[in-house]
1. Mind checking which of ALA76, HIS233, ALA47 is farthest towards the positive end of the chain's charge dipole, using Cβ charges of +1 (Lys, Arg) and -1 (Asp, Glu) about the Cα centre?
2. Provide the net charge surrounding ALA352, with neighbours chosen by a C-beta distance below 15 Å and charges set as Lys +1, Arg +1, Asp -1, Glu -1.
3. Return the FRET efficiency for the residue pair ALA295, HIS151: r is the Cβ-Cβ distance, R0 is 22 Å, and the value is rounded to the nearest 0.05.
4. Quick check: pseudo-label points 7 Å beyond the Cα along Cα→Cβ at GLU209 and ALA248, how many nm apart are they?
5. Can you give me the relative contact order of the chain as a percent, contacts being Cα pairs under 8 Å and 6 or more apart?
6. With the convex hull built on the Cα atoms of the chain, state its orientation-averaged projected area in nm².
7. Taking the Cβ-Cβ separation of GLN396 and GLN103 as r and a Förster radius of 56 Å, what is the calculated FRET efficiency to the nearest 0.05?
8. Let me check the size of region 194-296 from its C-alpha atoms; what are the radius of gyration and Dmax in Å?
Amino acid sequence: MSSAGTGPGQQPSSGTQQTHTRRRPFLSRLLAAGEAIEAGQGERARALIEGILQGVPEAGDASERISGVFGRALLARLDGDRSGDGNLYLRSAGPRDMLAAFQLLVHATPLIRFGYLSANAAILEAFQGEEEIHLIDIGVGGGTQWPFLLHRLASRPGGPPRVRLTGIDLPCRGPDPEQRLRWAGAYIGGWAERLGVPFEFHGIASAVERVDWSRIASRSTAPIAVNAAFALHHVPDASVHPIVNRDAILTQIRAISPRVLTLVEPDVEHNAQPFLPRLSEAIGHYYAVFQALDALLPPHIAARETIEQVFFGQEVMNVVVGEGAARVERHERRGAWQRRLRMNGFEPLRIAPHEAPVRAALRLKQGFDVRADEPALLLMRNGISLLATSAWQPRQVPPPSRFLSGLFRRAP
C-alpha cells in the first residue's frame, strides 16, 4: 500500500507501519501471536490467539472482524496446517451464494468496479473503429466485467463491433466442470442481446497454466485483448515452479500479439515474503478493505458475511497458512508486476487519460479516490493504494540500423 504523497514513478513503501499505528491494541496482538508461532512458542501463541478470538463480538467493527479472520488463520497455522485451504474459487459457500455476494461487492463498492472500468477504458481505446474484437478473459468468473463494456460498445457511433469472448476459468468440482462457465456465457449473452451487440462466447474450463494460447488465437482473425482481472496472482512464480509460472504465461500471451493486455491486481505483496513480513502486510491490506466494507455495506446481511468470511476469509487463510505450491494467493505490488511485464516483452500504454472518467463513473465517496501513477491507475482509500490497473502491449522491436543492415547485406 502506498501513501498519497508518493511521487510519480516512485515505488511506495508498504504503508503497513503507518496503518499499524491506527489500529486498536488487539490488532497488534495478531502480530505478537505470529511472532510467537515463528519462535516456536506454541503455548504463548495459543493463549494470544484464544484471547483475540474470545474478545471478538459477533457484530464488531472492522478491526474486530478482521481480528477474527486472522485469528482463525493463525490458529490453523499453529495447529500445523500448511495447505492454506486451496484456491478460494475451488471451495466456497456455494456457487450461487458466492455470485450473489460478488454482485453486491461489484455494485455497492468500487473495489471490483474500479478494475473493470479502468481495464475496459484501455480496451475501448485500443479497439476504436474495429468491426470485430476478440476478448480473452483470464478468470472470467461470473462475467460481471463485460456488461460494463457492452454498454459502451452499444453506444459507439456507427454501431457496435462483433464481440467474441473466450472465458477461461477453473473447472467446477463435481460432475459438471463447465457449469460456472455456462452461467457466465448466458449472463453476458443476455446483456449483449438486450443491448444489440453481436456476441459469441466460448468457455475453457482449465487452469490458465494449461491453456493453449496459440490455439485460442487461431480461432479468430480479429484483433485480441487479453484481460487479467484479479487472476494472475494465483499463478506461481519461478521460485515455486521453475517451468509453469506467471513469466511463462506472459511470454505465451506476448506470442499471440494482443493489441492490449489489461492487468488488475491488489497493490500488496504476498508473494516472495517470509511469514512474518507477509502477515504484517496482509493485516494492513485486509484491514483497509474491511474498513471500506464497513463504510459501504449494510452490517447485518448474509451477502456481506459471505464477502468477508468466505471470499476474503479464504484469501487470508491461504496467505497466512499456505506455503510453497499450496499458497495460491500470491499478490505482488504494482512495481513488481511492471518489472515482470517489461522483462517478458511488454511495454506500458498510458493510463492517466482514464483517471478522470473512471473517477467520475465510480461516484466515489467515503475516502476513496482514483490516482494515476504511470503506468498504473490506483484505487486509493484514505491515502492507501488498494488496487492497481495497467495496460500493456507487446514491445515493438525497432528496425535494424542501416549500419547493421549493411553488415548482413549479401554482396552482389
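The values are calculated or read from the model by the stated rules, or taken from the named source; none is laboratory data. Because the structure is predicted, anything quoted here is derived from the model rather than measured. Glycine gets a Cβ as well: all are built from the backbone with ideal geometry, and neighbour counts include every protein chain shown. These area figures cover heavy atoms from the full protein model, side chains too; ligands, DNA and RNA do not enter into them. Shrake-Rupley method; radii C 1.70, N 1.55, O 1.52, S 1.80 Å.
1. So the residue we want is HIS233.
2. On the way: positive: ARG334, ARG350, ARG359, ARG371; negative: GLU125, GLU355, ASP369, ASP373, GLU374.
Residues near ALA352 contribute -1 overall.
3. On the way: r = 27 Å, r/R0 = 1.22.
For ALA295 and HIS151, the calculated efficiency is 0.25.
4. Between GLU209 and ALA248, the simple spin-label model gives 0.8 nm.
5. Numbers: 707 pairs, mean separation 91.6, N = 412.
RCO, the chain: 22 percent.
6. On the way: hull surface 95.3 nm².
Its average projected convex-hull area is 23.8 nm².
7. Working: r = 40 Å, r/R0 = 0.71.
Given R0 = 56 Å and the Cβ-Cβ separation, E is 0.90.
8. Answer for region 194-296, Rg first and Dmax second: 17.7, 52 Å.
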